[in-house]
1. Which residue pairs have Cβ atoms closer than 6 Å, lie 6 or more positions apart in sequence or on different chains, and pair a first residue in region 2-23 that is assigned to a helix (DSSP H, G or I) with a second residue that is modelled with pLDDT under 90?
2. Considering only region 1-38, how many residues are touching a helix residue (DSSP H, G or I) at 6+ places or on another chain (Cβ under 8 Å) and of a type in the set (D, E, K, R)?
Amino acid sequence: MSRHLDNLRRLCKKLQLRDGEDDALVLQVKHELETREQLETGPGNWSLPYREFIQRGASPVAGPKMKGPIEGAMNSP
């Protein structure tokens, strides 16, 4: 879970306690939280087995038929 989502959840709870459920800012934060949760829990790229992904240098731009990451692409540390 990302730190950003955790921060949004805490902010939402604090605003709900302070301003109530129907406040415009609370509703806006809830909407943003729902949007971010959907983006984060969306479908991932599971085209490669994990072991093969790691052997290729964990590059998100490496395709399934490639032997390694694309030249000039940044690898994960």
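The values are calculated or read from the model by the stated rules, or taken from the named source; none is laboratory data. These numbers come from a predicted model, not from an experiment. Neighbour counts run over all protein chains shown; Cβ positions are idealised from the backbone, glycine included.
1. LEU5/ARG36
2. Residues that pass the stated criteria total 7.
Residue-wise test of (1) loosely packed, with under 11 Cβ neighbours inside 10 Å; (2) modelled with pLDDT of 80 or more; (3) more than 19 Å from the chain's Cα centre (by Cα).
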position	(1), (2), (3)
ARG18	yes, yes, yes
LEU33	no, yes, no
ASN45	yes, no, no
PRO49	yes, no, yes
ALA62	no, no, yes
MET66	no, no, yes
